[in-house]
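Here, each number is a calculation from the coordinates, and none is a lab measurement. Given the structure is predicted, the values throughout are model-derived calculations rather than measurements. A quick note on method: Cβ atoms are made from the backbone with ideal geometry, for glycine too, and the neighbour counts reach across all protein chains shown.
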Amino acid sequence: MATIATAADAPLKDMDEWDDFLTGRYKAGKTEEEFRQYDEQATPGGAGIYRQNHKYQTFDYEKAKQKEYFGLNKGEKSIWEAAEFLNTLVDDSDPDTDLTQIEHLLQTSEAIRKDGHPRWFVLTGFIHDLGKVLCLWGEPQWGVVGDTFPVGCAYSDQIVFPEYFKANPDYNNPLYQTKYGIYEPNCGLDKVHMSFGHDGYIGEVMKNYLPEESLYMLRYHSFYAAHRHGAYRHLMSNHDVEMFEWVNKFNPYDLYSKGHTKPDLKQLKPYYDDLFAEFFPAKIAW
């Protein structure tokens, strides 16, 4: 049986605090030792996310959440409506930022557009965090944000805070703690159950609308053990390895596009209206 925690388990004040934590942790040039120290000592809220995530993200939990959400039964919304819904995650009392979630998304997508990437890539930048609406449906932060990883097999020591997995019930399942676990060698990530979060959810929402390169970016942009450290290659197919080149292209925009200048939504909106209409119907299922 899956271990369940309550939605009140929220070590961080809001999602903006998480974005700051993530960017700092993966700051270019930091050594492994430095980012481990940053996580636990300088940002205990971020470490708290992983303590809970690693305790509760079991194989059974992932299957249950996939069944709950992958049917896309939360109603239909346009992309703008989903983004405006996500805006309610912003804490108005936060003194460190006055950017809305939409403005965060636009910073990412506009950085991608500035570098001349295809329109589907720009669109991916805008939508990649929309899966965080899970928090607004009662999901705890540890089940929405944070590094993702395969469940049903041994944990890589390249996952941040691997020692926290000792509290996970799957840690005591001998099958789940073998190299391949329930999987076959090089079976492909499409056959691997990933820990539940906003990545897998937004990938499911978008699976009928966007090219495969985009879907890899959406589903695996938080799979840092793989695209940062080369872990889990024994589960990946040759095709996965090729497609992860796109994940690696996306990652710097995800981490480092946050800036001080507010995007001008009024000026940019016609471009994005046209972009959304190119790929999506008026409303899609969530």
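Brief remarks follow.
- Counted by Cβ distance under 14 Å from LEU175, the other residues give a net charge of -2, where Lys and Arg count +1 and Asp and Glu count -1.
- Exposure proxy ranking for TRP80, TRP246, based on other Cβ atoms within 10 angstrom of each Cβ and starting from the fewest, stands as TRP80, TRP246.
- Trypsin sites (Lys or Arg not before Pro) within region 156-202: DSSP coil, no more than 15 neighbouring Cβ in 10 Å: LYS179
- Shape of region 205-286, Cα gyration tensor, a/c cut at 1.5: oblate
- Filter on LYS67/LYS114; LYS63/LYS269; LYS132/LYS207 - keep pairs with C-alpha separation over 28 Å: LYS67/LYS114; LYS63/LYS269
- Counting 0.36 nm for each residue step from HIS239 to ALA282 and taking away their Cα separation leaves a gain of 12.2 nm.
- Given LYS55/LYS283; LYS77/LYS262; LYS77/LYS266, the pairs whose alpha carbons are separated by over 30 Å: LYS55/LYS283
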